[in-house]
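Contents: one structure, followed by commentary.
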Amino acid sequence: MAKGTVVFDIENCKGCELCIEACPQDSLELSPRINAQGYHYVVLVKDNCTGCTNCALVCPDAVITVYREKKKTRVPVARISGVTQNITVTIDEEGKPS
Amino acid sequence: MGQDVVDAALEQMECVYARPDTLTDTRFHYCPGCGHSVVHRVIMEVVQEAGIREQTIGVAPVGCSVFAYNYMDVDMQEAAHGRASAVATGIKRVLPDRFVFSYQGDGDLAAIGTAETIHTCNRGENILMVFVNNAIYGMTGGQMAPTTLLGMKTSTSPAGRTVETAGFPLKITEMVAMLPGTYYVTRQSVHTPNAVRQLKKAITKSFQYQKERKGTCFIEVVSNCPSGWKMTPVQSNAWLVENMFPLYPPGDIKAPK
Ligand SMILES: Cc1ncc(C[n+]2csc(CCOP(=O)(O)OP(=O)(O)O)c2C)c(N)n1
Ligand code: SF4
Ligand code: SF4
Ligand code: SF4
């Protein structure tokens, strides 16, 4: 699963808990601390966020920014062509055909 | 974790969701968990993504969303209570190349503004009407609205709404769908991430239809009022599914083929 993270504008969070409810990974909790408005704000408490954006979509105060790991571009390690029979190709750890 | 560590970690990542620039930085005045600001945000996401910020004009109502113009960073006009669709009509007729939308609560659109609502839809005005139905007058202290459910307790129906004294909940969205002037009539909600995604699609389609001059697009959003309903936001969304959806089921009521 993709790896993601979320950043909160904690001063504008109202502690409504709708993001906590919407998170499929159970990654969010209310902080025991309060912000200047007097609300307990939300914090990311687990390292399992997938960057699915669910929390941000339901946040009434639009205080959540979501990041997701960039997709790794895959570089081919070998090209095989003109095969007429079954062959075996093994690739070593560095990705070089061996 | 130091800020530099966080910055370095974020550099490996791409931003997949951020508050749209079409919202001002002003903190919403709504109660915690209120659906109004989700609806504001989704309209503004569509405006941003469609690149129509300079061509969009919104009309704000009287009700909790009376300050909608403080948040939606497009040209906005305030209307007298219930009259948003009449004001939007005037704007659209004078400036037909603009994308015009009205934004109203149920007290505004379905009580004091019933005549304007019906006649705007019947004339097929080429605007988008966004109707936030929380089954209550939020702003004034949780009084009964035409959309209040039977048996629902409000400050003016403390024992619950009865048919004998207040009649039936008004399904105004089904009513306007019957009028030939409406082109696209749908009922949406914002209580889950998927519902928010669906609402966004409906708003995007509505602006496209407005561009094609198809007639009135009408989107009801079944929403919550945690304060008026005297519930936590999470409870209010569960209550909405259980009690509002049976009478106000989400989905398209009139959709072009
Ligand atoms: C002409 C006039 N009549 C009555 C009022 C009082 N009033 C203000 S908001 C409101 C109803 C708001 O309810 P709704 O449209 O459902 O919006 P909500 O606050 O629930 O979002 C009323 C009756 C007013 N401001 N102006
Ligand atoms: S992005 Fe998804 S997984 Fe991450 S905190 Fe938000 S809801 Fe949870
Ligand atoms: S949904 Fe938004 S405002 Fe509500 S608790 Fe989560 S971050 Fe805070
Ligand atoms: S009173 Fe109800 S509709 Fe108004 S801001 Fe509060 S929760 Fe929202």
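Values computed for the structure shown
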quantity	calculated
Two-decimal Rg to Rh for the protein assembly as shown - Kirkwood Rh, Cα set	1.08
Pairwise FRET efficiency - A:Thr88 versus A:Lys3, Cβ, R0 = 30 Å, nearest 0.05	0.35
Chain B shape via C-alpha gyration tensor axes, a/c threshold 1.5	oblate
Portion, in percent, of the accessible area of the range A:1-60 that falls on carbon or sulfur, probe 1.4 Å	51 percent
Euclidean distance of C-alpha centroids, the range B:118-174 and the range B:184-242, integer Å	15 Å
Paramagnetic reach from B:Ile112 in the range B:129-165 [backbone N under 13 Å; point 7 Å along Cα→Cβ]	B:137-141
Dipole of the protein assembly as shown, positive direction: furthest Cα of B:Asn133, B:Pro193, B:Met175, with charges on the beta-carbon	B:Met175
With DNA, RNA and ligands ignored, accessible area of B:His119 (1.4 Å probe; Å², nearest 10)	100 Å²
Helical contribution to [θ] at 222 nm, DSSP H n ≥ 4, -39,500 (n - 2.57), averaged over chain A, rounded to 500	-2000 deg cm²/dmol
Helical mean residue ellipticity (222 nm; -39500 (n - 2.57) per DSSP H run of 4+; nearest 500) of chain B	-9500 deg cm²/dmol
Sequence-distant residues sharing a close amide H with B:Tyr103 (under 5 Å, placed H)	B:Val59, B:Val130
For B:Leu10, solvent-accessible area (1.4 Å; no DNA, RNA or ligand), Å²	30 Å²
Overall dimensions of the range A:4-68 as given by Cα atoms, namely Rg and Dmax in Å	10.6, 31
Cβ neighbours within 10 Å from other chains - mean over A:48-60	6
List B:Thr216, A:Thr88, B:Thr114, B:Thr204, ordered by accessible area with a 1.4 Å probe, largest first	A:Thr88, B:Thr204, B:Thr114, B:Thr216
Per-residue average of Cβ from other chains inside 10 Å of B:29-39	4
Accessible area (Å², 1.4 Å probe, nearest 10) - B:Tyr71	10 Å²
Distant alpha-carbon pairs in the range B:85-160 (separation over 14 angstrom), percent	62 percent
Segment B:Thr165-B:Thr232, extension gain: residue separation times 0.36 nm, minus the distance between their alpha carbons	21.2 nm
Per-pair calculated FRET efficiency, R0 = 45 Å: B:Asn243 and A:Glu69 via Cβ, rounded to 0.05	0.65
Largest to smallest accessible area among B:Ile118, B:Ile219 [probe 1.4 Å]	B:Ile118, B:Ile219
Accessible surface, 1.4 Å probe, highest first, among residues B:Thr120, B:Thr192	B:Thr192, B:Thr120
Rounded FRET efficiency, nearest 0.05, which uses the C-beta distance separating B:Asn70 from B:Thr156 and R0 of 25 Å	0.30
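The values are calculated or read from the model by the stated rules, or taken from the named source; none is laboratory data. Keep in mind that this is a model prediction, so the values were computed, not measured. In this analysis, Cβ positions are derived from the backbone assuming ideal geometry, glycine residues included, and neighbour counts consider all displayed protein chains. For accessibility, only protein heavy atoms count, side chains too; no ligands or nucleic acids. Shrake-Rupley method; radii C 1.70, N 1.55, O 1.52, S 1.80 Å.
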